[in-house]
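In what follows, a structure is listed as structure tokens, so that the remarks can point back to it.
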Amino acid sequence: MRKKIVIVLVAVDLLLFVFSSIFFDIKVVYSTQIGYITSTIVMVASIMSYHRMVTTRIKHQVITMGDERDTIDTLEDPYDLYSEVVIDENQTLSETIKEEKHKLKASRRTLYQVLQDSRGALSLYRLTGYVLLMMGFFFLNRHGLLDIVSYIVSLGVPAVILVWVLMQEREK
């Protein structure tokens, strides 16, 4: 599957280069090439870092499945206001506040836990890809070669290609 992804990404880059160099000026060629290549680096780096993180977790048998709240639910409802837990109506307000404070203290995460969960997002691969993306943008902008429309379009093309290739593989 990795080989197929690389082949499709390179083929689309060649088509993009030929198309932009025939029909557009040099600014569009530079913008599309730098945008496409740096976006591809970010996408591939993201896949590699998450693959490595999942493989490591499986290897060390760290599987986080259970009754705990998922990350999206925690972000959308940090104080668990919409939970299905029934509240005792006979409790006083001060008892309820003390209980909620105790729950918050119990659910605090250590720095180690936060770093473990964000390892995929803070991967050296991804950070390098984003640095290259920013450097490419600043290079184009500084030298007057930035065509913003073609740059933005070329940033999105690798994501569409990766989704398409992965969907094709999933169907097989």
Worksheet, complete the sentence: Output ordering of 27-36, 47-56 (per-residue mean of other Cβ within 10 Å, highest first) is 27-36, 47-56
Worksheet item: Calculated FRET efficiency, Val12 and Leu124, Cβ-Cβ r, R0 30 Å, to nearest 0.05?
Response: 0.70
Practice prompt. Ignoring everything but the protein chains, give the 1.4 Å probe accessible area of Thr96 in square angstrom, nearest 10.
Written response: 40
Discussion item. Distances longer than 15 Å among the Cα atoms of region 127-172: what percent of all pairs is that?
Written reply: 59
Worksheet item: Quick one: Karplus J couplings for region 28-39, per residue in order, coefficients 6.51, -1.76, 1.60, θ = phi - 60°, nearest Hz, x for Gly and Pro?
Response: 5, 4, 4, 4, 5, 5, 5, x, 5, 5, 5, 5
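The values are calculated or read from the model by the stated rules, or taken from the named source; none is laboratory data. It should be emphasised that the depicted structure is a prediction, and the values quoted were computed from it without experimental measurement. All Cβ positions, glycine included, derive from the backbone under ideal geometry; neighbour counts span all protein chains shown. For accessibility, only protein heavy atoms count, side chains too; no ligands or nucleic acids. Shrake-Rupley method; radii C 1.70, N 1.55, O 1.52, S 1.80 Å.
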